[in-house]
Amino acid sequence: EGFPEPVSIVMPCYNECKAIGPAIDSLLKLNYPKKMIEIIVVDDKSTDGSPDVVKKYVQKYRNVKLIINERNSGGAAEPTNLGVKAAKFKYIAVADADSTPEKDALRKMIGFLQTDSKIGGVTCAVLAKPSKTFMQKLQEIEYVVIAWARKLLDLVDSVYVTPGPFALYRKKTLIEIGLFDTKNMTQDIEIVWRMLSKGYKARMCLDAKVYSETPRKFKHWWKQRIRWNIGGNQTMWKYKKLVFRNGMLGAFIIPFFAASMFLGIFGLGLFIY
């Protein structure tokens with residue numbers, strides 16, 4: 001392990017008053033020098049008192065900061081961008097307000113950015129928090145399979161997403177390529193495709209883990225998957241001209257992603273039928 005670099009952790013938040021406390025606690029418990037971490041919570045005009053929870057941490061810890069967006073943007077991209085602009089360190093971690101990374105996650109991920117200036121983003125194994133319903137038990141298995149599949153994609157330079165629960169970037173790269181797309185419903189996919197189109201790479205650290213809250217009921221799961229599909233389609237439409245161009249992005253990622261989406265929708269239709 002090399003000497004750690006300072007990291008600004010940006011956490012967009014909207015109506016997460018029950019989850020935000022444990023999420024901040026998990027960041028404070030990271031196995032990382034406290035003076036080399038700043039935690040910036042950007043509240044997207046919550047209506048459930050989330051800012052009040054964060055303010056208690058701000059009063060207690062010097063490295064916890066709160067920014068309240070002047071409006072509700074309706075997505076994670078705008079508050080994340082506000083946090084990135086306010087960050088004082090050159091490395092940026094983005095964390096979800098309902099997710100908790102393992103203590104050593106940041107230490108394991110930072111090395112990827114330190115050793116190769118062409119790596120713009122690093123993701124980790126996103127796993128499901130302990131399940132309470134049958135729906136969540138299924139997702140627990142799904143998340144493990146996705147993590148291993150993403151590592152296989154990493155072996156062929158084809159990591160196509162840095163999921164929101166916990167991802168790491170170089171601030172300079174984010175500013176250079178234009179920050180997160182506020183019009184895209186899956187900004188964590190679009191940002192990677194944009195990086196790849198500009199000659200950067202994304203990496204997957206399977207050994208680093210973050211635990212994320214999963215939908216408990218079918219209707220919430222359905223809403224989540226609809227959002228993923230719409231965002232995926234938005235991203236494919238935006239980069240359709242790069243098919244069979246721009247290295248692995250056009251040669252493999254876009255065709256693979258399109259085929260995966262088709263098979264997913266076809267399989268779901270067959271299941272419903």
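The values are calculated or read from the model by the stated rules, or taken from the named source; none is laboratory data. Note that the structure is a prediction, hence the values are computed from the model and not measured. Positions of Cβ are generated from backbone atoms using ideal geometry, with glycine treated the same way; all protein chains shown enter the neighbour counts. Only protein heavy atoms, including side chains, enter the accessible area calculation; ligands, DNA and RNA are left aside. Shrake-Rupley method; radii C 1.70, N 1.55, O 1.52, S 1.80 Å.
Just wondering, is there one or more residues in segment 144-159 that are buried (at least 22 other Cβ atoms within 10 Å of the Cβ), in contact (Cβ under 8 Å) with a residue 12 or more places away in the chain, closer than 18 Å to residue 254 by Cβ and of a type in the set (Ser, Thr, Tyr)?
no
Any idea which of (1) among the polar types (S, T, N, Q); (2) closer than 27 Å to residue 192 by Cβ; (3) out of contact with any Pro (no Cβ under 6 Å at 6 or more places or on another chain) is the one residue 80 doesn't satisfy?
(3)
Being over 11 Å from residue 100 (Cβ atoms) and open to solvent by 10 Å² or more (accessible area, probe 1.4 Å) is the filter here, so list the residues in segment 5-20 that pass it.
5, 6, 12, 14, 15, 16, 17, 18
Hey, does segment 31-53 have a residue that's within 17 Å of residue 114 (Cβ to Cβ), among the acidic types (Asp, Glu) and in contact with a strand residue (DSSP E or B) (Cβ under 8 Å, 6 or more places away or on another chain)?
Checking segment 31-53: not a single residue is within 17 Å of residue 114 (Cβ to Cβ), among the acidic types (Asp, Glu) and in contact with a strand residue (DSSP E or B) (Cβ under 8 Å, 6 or more places away or on another chain).
Please indicate, with yes or no, whether at least one residue in segment 65-75 is on the phi < 0 side of the Ramachandran plot, in contact with a strand residue (DSSP E or B) (Cβ under 9 Å, 6 or more places away or on another chain), at pLDDT below 95 and part of a helix (DSSP H, G or I).
Checked against the condition, which is being on the phi < 0 side of the Ramachandran plot, in contact with a strand residue (DSSP E or B) (Cβ under 9 Å, 6 or more places away or on another chain), at pLDDT below 95 and part of a helix (DSSP H, G or I), segment 65-75 yields no hits at all.
Mind listing whichever residues of segment 127-176 are aromatic (Phe, Trp, Tyr) and in contact with a strand residue (DSSP E or B) (Cβ under 6 Å, 6 or more places away or on another chain)?
Those that are aromatic (Phe, Trp, Tyr) and in contact with a strand residue (DSSP E or B) (Cβ under 6 Å, 6 or more places away or on another chain): 143, 166, 169.
Taking the condition assigned to a helix (DSSP H, G or I) and closer than 16 Å to residue 168 by Cα, does residue 56 pass?
No, not satisfied.
Can you work out which of the residues in segment 197-242 that are assigned to a helix (DSSP H, G or I), hydrophobic (A, V, I, L, M, F, W, C) and within 23 Å of residue 95 (Cβ to Cβ) is farthest from the chain's Cα centre (by Cα)?
221
Tell me, yes or no, whether segment 36-52 has at least one residue that is out of contact with any Asp or Glu (no Cβ under 7 Å at 6 or more places or on another chain), closer than 22 Å to residue 110 by Cβ, open to solvent by 40 Å² or more (accessible area, probe 1.4 Å) and of a type outside the set (S, T, N, Q).
no
Let me confirm something: among 10, 42, which residue is touching a Leu at 6+ places or on another chain (Cβ under 6 Å) and in a strand (DSSP E or B)?
Answer to the check: 42.
Quick one: residue 191 ticks every box in (1) touching a residue at least 60 places away in the same chain (Cβ under 8 Å); (2) on the phi > 0 side of the Ramachandran plot bar one, so which box is it?
(2)
Please go through (1) modelled with pLDDT of 95 or more; (2) outside any loop (DSSP other than H, G, I, E, B); (3) farther than 17 Å from residue 109 by Cα for residue 180 and return the number of the only condition it doesn't satisfy.
Only one criterion in (1) modelled with pLDDT of 95 or more; (2) outside any loop (DSSP other than H, G, I, E, B); (3) farther than 17 Å from residue 109 by Cα is unmet by residue 180, namely (2).
State the number of residues belonging to segment 25-45 that are touching a helix residue (DSSP H, G or I) at 6+ places or on another chain (Cβ under 7 Å) and closer than 22 Å to residue 73 by Cα.
6
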